Amino acid sequence: MIAFAVALWLGILLLFEEPASSLALHFPTVREISDLKSAFLGSLGSVSDPEALVAGLAIGERELLSEVAKDQMREVSLTHLVAVSGANLAIVMGAIWFLLGALSAPRWLRFVLSGSAMLGYVLLVGPESSVLRAGAMALAVLIALALGRGSNAIHALAIAVAVLLMIDQSLAFDLGFALSVLATLGLLLGARPLADRIGFLPRPLALALGAGLAAQIFTLPVILMIQPGFPIFAILANLLVEPVVAPVTVLGILAVLVTPISPALSHFSTWLATIGTQWILWISQRLSAQEVTRLHLNFAFEGQLLIWGLVLGVIATITFKEKARVFSVGFLVLDFALLSALSAGDLVRSDVANQDWKVLACDVGQGDAILIRDGGRTALIDVGREPELIQKCLGNAGISKVDLLVLTHFDADHVGGISGLEKVSISHVLISGYEDDRPLVGVVEDFLARSGASVQEAVAGGRAKLGNCSLMVLGPKDPQSAASSNDASVTTLLDCAKYQVLALADAPESAQRSLLPILLPLIDARKYRVVKVAHHGAGDQFSALYAAFRPQVAIFSVGLGNTYGHPTKSALKLTAELGAINLRTDLDGAVGIDFASELQIATAGKLAS
C-alpha cells in the first residue's frame with residue numbers, strides 16, 4: 001500500500017519532467033489521455049464562448065475563449081475558473097471515493113481507484129503549477145485516509161508545498177503557484193471563521209461569502225503585483241457564479257469521457273453545461289461593463305507593508321482568543337484606514353477612453369490599435385484582431401469618425417478587426433504597398449471599398465495633416481522588395497506641438513536599422529516622446545533606434561498569456577534602461593496619454609503623472 005502511494009505521488013510530481021518524446025515511451029497511457037482531450041476539443045469544432053467555457057472549467061482549456069470574454073472575466077476576477085484547482089480534483093476524487101464507499105468497496109480499492117482517477121485527471125489537464133499543488137495536496141489527504149489516520153488539510157498543504165519545492169525550486173518564483181497556495185490557505189484558515197462572523201446570513205450563503213473573502217484577502221499581496229488594482233466586484237461575481245461551477249465541471253468532465261463512446265452524448269452533456277456557463281458569461285459581462293470596476297491600492301513600499309498587514313490582521317483576528325482579538329481588530333481598522341487614505345480618490349474605471357487623452361492604446365488583446373486625436377481630428381493606426389474589441393474602444397471613446405486610418409500591414413492581429421469600424425465614418429486610408437495575396441487582404445479591400453474612403457499606398461517620406469500635427473511615413477522605402485509583410489509594415493512619426501509618437505508596427509530589427517538615419521533629424525528633444533514598441537515587444541529590436549529617440553513612454557500592445565512570449569524581457573529592459581515608463585495593455589488595459597500641462601498617463605483610469 002505504502003509503496004503504491006509513493007509510486008503514485010512520484011508519478012504525478014515527476015511525470016512532466018520528462019520530454020514529450022519520452023512520455024509516450026515510458027507512460028503509454030499519456031498518449032491515450034492526450035488523444036481523449038484532443039478528441040473532445042475536436043468534437044466541439046467552431047465553438048461559442050459558452051462551449052469554450054465548459055472546456056475551460058472541465059479541463060482548463062483557455063485558448064478557445066474569445067478575447068472579449070477573457071477580458072470581461074479578468075475584470076471581475078473570474079479567470080480562475082479556467083485554471084484547474086483543488087475544487088476540480090475534489091469533485092473527481094470525491095465522487096469516486098464516496099461512490100465506492102456506498103458500494104462497500106475495501107479501503108485499498110477506494111484508494112487505488114481514486115488515486116488513479118486523480119493521476120489521469122492531472123495528466124488530462126496538464127502540468128500547471130496550480131494543478132500540481134492541488135494534486136500533491138489531494139494525494140497527501142488520500143494517503144492519510146487510506147492509512148486510516150484521518151486528514152488535516154493544513155498539514156496536507158504544507159507537505160505538498162514542501163515536496164513540490166524540493167522537486168522544482170522554480171515554483172518559488174511562480175506567481176500562479178503562490179496564488180494557488182495562498183488561496184487554499186485562505187480557504188482553510190479563514191472561510192469558516194469569517195462565515196461565523198456573518199452568522200445572521202443563511203449558512204450556505206455565509207460559507208460562500210466567507211470563502212470568497214478569505215481567498216481574496218490572502219491572495220491580495222500577489223494580485224497587486226500582477227494587476228493595477230483590486231477588482232471591486234470580485235467577491236460578488238464569484239458568489240453569483242458559485243452555484244453553477246460544480247454542475248458545469250461535472251457535465252464537462254462527463255462530456256470528455258464519453259466522447260470516444262458516444263459523441264452525441266458528449267454534445268448533449270456539453271449543451272447542458274452551457275446553461276451554467278451562459279450565466280457565468282452574463283455575470284462577467286454585466287459587472288465588467290460598470291463604470292467603476294477597480295480600486296487602486298498603492299504599490300509603493302508602505303502600501304505593500306499595509307497590504308501584508310491586512311492579511312496578518314485577518315489571521316490574528318481569526319485565531320486569537322476573545323480578549324486578544326480586541327487588539328487585532330483595532331490593528332485591522334487602523335491598517336484599513338491607512339490603506340484607504342493611500343488610495344483615496346483613485347477609483348479605477350473599466351476604460352480610459354472617456355478621459356482626456358491625445359494618444360490612446362486600445363486594449364485589443366494580441367494586436368495593435370492606437371488612436372491619436374488632435375485639433376478635432378482623429379487617426380487610428382491598425383484595428384487589432386477582433387472586431388468587438390476595437391468597436392468597444394471606439395464606442396467608449398465616442399469616436400464616430402476616423403479622419404486617417406493607417407493599416408500598417410495585413411497580419412490578422414493588425415487588420416482582422418476591420419469590420420469593427422462598420423459604424424464609423426472613414427475619410428482617408430494608408431495601406432502597405434507590399435504585394436500580399438492572403439485572403440484577409442481581399443476582406444479588408446472589400447470593406448474599404450464599401451466605406452467610400454480614399455485609399456492610397458503609404459510612401460516613405462509622405463506626410464499627412466492631423467489637426468495641428470504632422471504625420472510622416474518613415475518606411476518602408478521599397479515595400480515590393482521587402483522579405484515579409486513585417487518588413488514592409490508602415491512605420492510613422494507623429495509630430496505635434498508638445499509631443500512626438502513613433503509607431504513601429506511590426507518592423508523587425510533590420511527594418512528599424514534602415515529607419516535610424518531618417519528618424520534622427522526629426523527627433524525633437526524638447527518634446528515628450530512616446531514609442532509604440534515594434535512587434536508587441538518581440539526580441540528583434542534595434543537598440544540604437546530607441547536610444548536615439550529616447551522615449552519617456554513605451555507602449556507594448558500585447559495580449560495577456562499570448563503564446564509568442566511577448567513582450568520579451570530584452571525589449572522591456574531596453575526601454576526601461578532608457579528611462580521610459582513601460583506600459584502594457586495585457587496588464588494595464590487601455591492606455592491613455594495626455595500632454596495638457598505635463599505628461600499624464602492613464603492606465604485603466606489610474607492617473608500617474
*Members of the stretch 552-578 found to be among the β-branched types (Val, Ile, Thr) and at pLDDT 90 or above, listed by number*: Val553, Ile555, Val558, Thr568, Thr575
*Determine which member of the set Val250, Val222 is hydrophobic (A, V, I, L, M, F, W, C), more than 18 Å from Gly313 (Cα to Cα), at pLDDT 75 or above and in contact with a helix residue (DSSP H, G or I) (Cβ under 8 Å, 6 or more places away or on another chain).*
Val250
*Say whether the condition of being over 22 Å from the mean Cα position of the chain (by Cα), modelled with pLDDT of 85 or more, open to solvent by less than 10 Å² (accessible area, probe 1.4 Å) and hydroxyl-bearing (Ser, Thr, Tyr) is met by at least one residue in the stretch 579-601.*
no
_Could you check the stretch 38-47 and list, in sequence order, the residues that are in contact (Cβ under 8 Å) with a residue 60 or more places away in the chain and closer than 22 Å to Ile280 by Cβ?_
Phe40, Ser43, Leu44
_Would you confirm, using the coordinates I've provided, whether Leu502 is crowded, with 20+ Cβ neighbours inside 10 Å, on the phi < 0 side of the Ramachandran plot and not polar (S, T, N, Q)?_
yes
*Got a number for residues in the stretch 412-434 being surrounded by 22 or more Cβ atoms within 10 Å (Cβ to Cβ) and out of contact with any Pro (no Cβ under 9 Å at 6 or more places or on another chain)?*
5
*Can you tell me which residues in the stretch 467-485 are open to solvent by less than 30 Å² (accessible area, probe 1.4 Å) and within 22 Å of Val415 (Cβ to Cβ)?*
Leu471, Met472, Val473, Leu474, Gly475, Pro476, Pro479, Ala482, Ser485
_Gly375 vs. criteria more than 17 Å from Leu466 (Cα to Cα) and either open to solvent by less than 10 Å² (accessible area, probe 1.4 Å) or out of contact with any Cys (no Cβ under 6 Å at 6 or more places or on another chain) (or both)_ = no
*Name the single residue, out of those in the stretch 108-145 being surrounded by fewer than 22 Cβ atoms within 10 Å (Cβ to Cβ) and polar (S, T, N, Q), that is farthest from Ile96 (Cα to Cα).*
Ser129
*Starting from the stretch 573-596, keep only residues that are touching a residue at least 24 places away in the same chain (Cβ under 8 Å) and within 22 Å of Arg550 (Cβ to Cβ), then list their pairs with residues that are open to solvent by 30 Å² or more (accessible area, probe 1.4 Å) and aromatic (Phe, Trp, Tyr) whose Cβ atoms are within a distance under 8 Å, requiring at least 6 positions of separation or different chains.*
Phe595/Tyr528
*Val459 is checked against (1) open to solvent by 60 Å² or more (accessible area, probe 1.4 Å); (2) in a loop (DSSP other than H, G, I, E, B); (3) in contact with a Gly (Cβ under 6 Å, 6 or more places away or on another chain) and fails just one. What number does that condition carry?*
(3)
*asked:* For a quick check of your reading: which helices (runs of 4 or more DSSP H) sit entirely within the stretch 1-100 and have at least 2 residues that are open to solvent by less than 70 Å² (accessible area, probe 1.4 Å) and modelled with pLDDT of 80 or more?
replied: 28-44, 49-59, 67-75
*asked:* Just checking, does the stretch 525-533 include any residue being of a type in the set (A, V, I, L, M, F, W, C), touching a helix residue (DSSP H, G or I) at 6+ places or on another chain (Cβ under 9 Å) and at pLDDT below 95?
replied: no
*the stretch 505-539, residues that are open to solvent by 20 Å² or more (accessible area, probe 1.4 Å) and in a helix (DSSP H, G or I)*: Glu509, Ser510, Arg513, Ser514, Leu516, Pro517, Ile518, Leu520, Pro521, Leu522, His535
*Are any residues in the stretch 394-408 at pLDDT 90 or above and open to solvent by 10 Å² or more (accessible area, probe 1.4 Å), and if so, which ones?*
Ile399, Ser400, Lys401, Asp403, Leu404
*Could you grab me the full set of residues in the stretch 92-115 that are more than 19 Å from Ala58 (Cβ to Cβ), among the small types (Gly, Ala, Ser) and under 39 Å from the mean Cα position of the chain (by Cα)?*
Gly115
*Residues of the stretch 426-440 being more than 16 Å from Val459 (Cα to Cα) and in contact with a helix residue (DSSP H, G or I) (Cβ under 8 Å, 6 or more places away or on another chain), which ones?*
Ile426, Leu440
*Kindly check whether there is at least one residue in the stretch 518-532 that is in contact (Cβ under 8 Å) with a residue 40 or more places away in the chain and of a type in the set (Lys, Arg).*
yes
*Among the residues listed as Lys569, Lys532, the single one being within 28 Å of Ile223 (Cα to Cα) and either in contact with a strand residue (DSSP E or B) (Cβ under 8 Å, 6 or more places away or on another chain) or small (Gly, Ala, Ser) (or both)*: Lys532
*Within the stretch 464-504, restricting attention to residues that are part of a strand (DSSP E or B) and in contact with a Ser or Thr (Cβ under 6 Å, 6 or more places away or on another chain), which residue is nearest to Ile370 (Cα to Cα)?*
Ala503
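The values are calculated or read from the model by the stated rules, or taken from the named source; none is laboratory data. Predicted model only: the values in this text are computed from it and were never measured. Here the Cβ is made from the backbone with ideal geometry for all residues, glycine too, and neighbour counts use every protein chain on show. Calculation scope for accessible area: heavy atoms of the full protein, side chains included, ligands and nucleic acids excluded. Shrake-Rupley method; radii C 1.70, N 1.55, O 1.52, S 1.80 Å.
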